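Trainee: The structure under discussion is supplied below as structure tokens; questions concerning it will follow.
The values are calculated or read from the model by the stated rules, or taken from the named source; none is laboratory data. Predicted model only: the values in this text are computed from it and were never measured. In this analysis, Cβ positions are derived from the backbone assuming ideal geometry, glycine residues included, and neighbour counts consider all displayed protein chains. Only protein heavy atoms, including side chains, enter the accessible area calculation; ligands, DNA and RNA are left aside. Shrake-Rupley method; radii C 1.70, N 1.55, O 1.52, S 1.80 Å.
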Amino acid sequence: NFSAVYTSDLRRTIATAKIVLQHNYYASADTKIHELKAFREQFFGSFEGLEIDPVFHKVQDYVRTHYGQTVSENDRVKCEMDAFKATDPVHEAEDFMSFWMRVELGLIDVITRHRETDQNILVVSHGMTIRNMIHELVPDFSIKESLNNASVSIVRYQDGLYHLEAFNKTDHFALAEEG
């Protein structure tokens with residue numbers, strides 16, 4: 001039973017939230033979806049809409065050249081985000097700090113509204129955004145694993161701490177019947 005639903009303001013997350021609510025036994029028809037620009041994926045500047053492989057090769061080369069091979073997996077994600085901005089010809093892509101400040105403001109708003117309420121809150125967002133949210137809330141979380149589309153991760157707030165209950169779960173997907 002979700003007391004509140006938050007998504008990025010992009011159509012695919014709003015559509016996903018509607019599907020979740022449609023198939024949720026407890027959801028009521030008047031459950032409002034709060035669309036937050038803060039929960040968007042990283043903005044890739046002039047790389048938006050391009051094939052990922054050539055762009056990511058540039059990013060990887062930049063990371064190797066500027067940060068070396070000794071970057072930890074958790075730091076690698078931040079370095080790659082910074083590299084997108086550095087390698088973007090017009091430098092409009094978000095670096096990690098710009099991205100995180102935006103996401104954090106939205107997250108603080110949601111947390112402030114619901115922290116001591118014992119409510120279940122649904123957040124539908126994008127892989128990088130969700131992984132960074134979890135990384136900043138849960139102390140021992142390793143950010144290196146990518147999220148599958150439509151996977152479920154659960155973070156529980158209790159006694160002033162956030163605990164990771166589930167990460168990247170996909171066992172809710174219906175299996176196609178054989179034959």
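Trainee: Can you give me the % of accessible surface on the chain that is carbon or sulfur? Probe 1.4 Å, all protein chains present, nothing else counted. Mind dumping the intermediate values first?
Mentor: On the way: 5770 of 11430 Å².
Accessible surface attributable to carbon and sulfur in the chain totals 50 percent.
Trainee: With labels modelled as points extended 7 Å from the Cα through the Cβ direction, what inter-label distance (nm, one decimal) is found for LYS37 paired with VAL90?
Mentor: Those two pseudo-labels are separated by 1.7 nm.
Trainee: If you don't mind, there's one more thing I want to ask. Against the empirical 2.2 N^0.38 Å scaling, what ratio does the C-alpha Rg of segment 59-179 come to?
Mentor: Numbers: Rg = 17.0 Å, N = 121, 2.2 N^0.38 = 13.6 Å.
In units of the 2.2 N^0.38 Å rule of thumb, it is 1.25.
Trainee: Relative contact order, percent, of segment 1-101 when contacts are C-alpha pairs under 8 Å separated by at least 6 residues? Intermediate values should be presented prior to the final figure.
Mentor: Numbers: 103 pairs, mean separation 27.7, N = 101.
That works out to 27 percent.
Trainee: Once the other residues with Cβ under 12 Å from the Cβ of HIS126 are scored (Lys, Arg +1; Asp, Glu -1), what is the net sum?
Mentor: +1
Trainee: Want the number for ASP9 to ARG113: 0.36 nm per residue separation, take away the alpha-carbon distance, what's left? Walk me through the numbers before you get to the answer.
Mentor: Working: separation 104, 0.36 × 104 = 37.44 nm, distance 1.89 nm.
Roughly 35.5 nm would be gained on extension.
Trainee: Kindly count the pairs of lysines across the chain whose alpha carbons are less than 17 Å apart, treating pairs on different chains or eight or more residues apart as eligible.
Mentor: Details: LYS18/LYS32; LYS58/LYS78; LYS58/LYS85; LYS78/LYS144; LYS144/LYS169.
Step by step, the pairs that qualify in the chain add up to 5.
Trainee: Averaged per residue, what accessible area in Å² does the chain show with a 1.4 Å probe, protein chains only?
Mentor: Working: 11430 Å² over 179 residues.
Here the per-residue accessible area is 64 Å².
Trainee: Would you mind checking segment 15-48 for residues with the amide N under 13 Å from a putative spin-label position 7 Å along Cα→C-beta of ASN1?
Mentor: Answer for this model: 25-28.
Trainee: Roughly how many Å² of ARG40 are accessible to a 1.4 Å probe, to the nearest 10?
Mentor: About 80 Å², ignoring ligands and nucleic acids.
Trainee: If you fit an axis through the alpha-carbon atoms of helix 96-114 and take the longest principal axis of the Cα set of the chain, what angle between them do you get, 0 to 90°, nearest 10?
Mentor: Compared with the principal axis, the helix lies near 10 degrees.
Trainee: In addition: Would you work out the relative contact order for the chain, in percent, from Cα pairs under 8 angstrom that are 6 or more residues apart? If you can, show how the numbers build up before the last one.
Mentor: Working: 227 pairs, mean separation 43.8, N = 179.
Once normalised by length, the contact order is 24 percent.
Trainee: Can I ask one more? Suppose a student asked you for the relative contact order of segment 75-179, using Cα pairs under 8 Å spaced at least 6 residues apart; what percent would you report? Provide the component values of the computation, followed by the final result.
Mentor: Details: 81 pairs, mean separation 16.9, N = 105.
It comes to 16 percent, rounded to a whole number.
Trainee: So, one more: Ignoring ligands, DNA and RNA, how do ILE14, ILE121, ILE108 rank by accessible area with a 1.4 Å probe, largest first?
Mentor: Numbers: ILE14 25, ILE121 55, ILE108 85 Å².
The ordering from most to least exposed comes out as ILE108, ILE121, ILE14.
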